[in-house]
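Just below is one structure, and these are the notes that go with it.
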Amino acid sequence: MELAAYLDDLRAGIERALEQRLALAEAPAVVADAMRYAAMGGGKRFRPCLTLAVAERVAERSGAGVATARALAMPAACAVELVHCYSLVHDDLPGMDDDTLRRGRPTTHVVYGEGMAILAGDGLLTEAFAVLTSDAPAPVPPADRRLAMTAVLARAAGAIGMVGGQAIDLAGAGRVPDRAAPPFDAAALAADCIARATAALDAAGLAGHLTALAEWTLARRA
């Protein structure tokens, strides 16, 4: 299969899985709608595609089932994408980058208001970990693998990863009260941005790797 067709196939599965995960029938409709607006507005889905592709390649090399590896990796792929979507919602807020367009559409806070956009981002972030740790729908990796993936994603998304990068951006722009902006250092800033962006991609790839190992473990136990 050619790369473009392969990625299209991965994206189609990811879109279906995200739609199912964001049904959120028990949540207040207003925040559920805002979460779906933020997450289902298109995009390349590069990070979840990477998660699935790594899971398939590792499974293939270890002699495990590729189709099962993709199914097992789908929750991790969705979780990675939900964290990414949350970060975009918060990046766009007036207190951050103050963007009014994202992927050709009004940003979430423009449509739903700033407060609801904050809650939608919070909801996407926490839903990512709910998806990653859930026992349903089957198949899911063993609990120890899901715990390991949760730790990897939390580290990449937290204060030493993505949140830390956002904090550096705000401080560098002089937008932290009572704290002067540090002297501009282009090389250090570029290195930091690359390191923090790489952390997110590493999390996506490692999640796929851990899932494939889980599939291999299940196959050995059968």
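The values are calculated or read from the model by the stated rules, or taken from the named source; none is laboratory data. Worth saying up front: this structure is predicted, and the values here are computed from it rather than measured. Neighbour counts run over all protein chains shown; Cβ positions are idealised from the backbone, glycine included.
Quick notes on this structure:
- Residue list for region 104-153, restricted to those being at pLDDT 90 or above, among the small types (G, A, S) and either in contact with a Lys or Arg (Cβ under 8 Å, 6 or more places away or on another chain) or surrounded by fewer than 20 Cβ atoms within 10 Å (Cβ to Cβ) (or both): G104, G113, G115, A130, S134
- Residue satisfying all of: in region 35-49; of a type outside the set (A, V, I, L, M, F, W, C) and under 19 Å from H109 (Cβ atoms); modelled with the lowest pLDDT among these: G42
- Residue within region 12-33 that is touching a Lys or Arg at 6+ places or on another chain (Cβ under 9 Å) and of a type in the set (D, E, K, R) present: yes
- Positions within region 60-78 being touching a Phe, Trp or Tyr at 6+ places or on another chain (Cβ under 7 Å) and hydrophobic (A, V, I, L, M, F, W, C), in sequence order: A64
- Any hit, region 18-34, residues being at pLDDT 95 or above, in contact with an Asp or Glu (Cβ under 7 Å, 6 or more places away or on another chain) and aliphatic (A, V, I, L, M): yes
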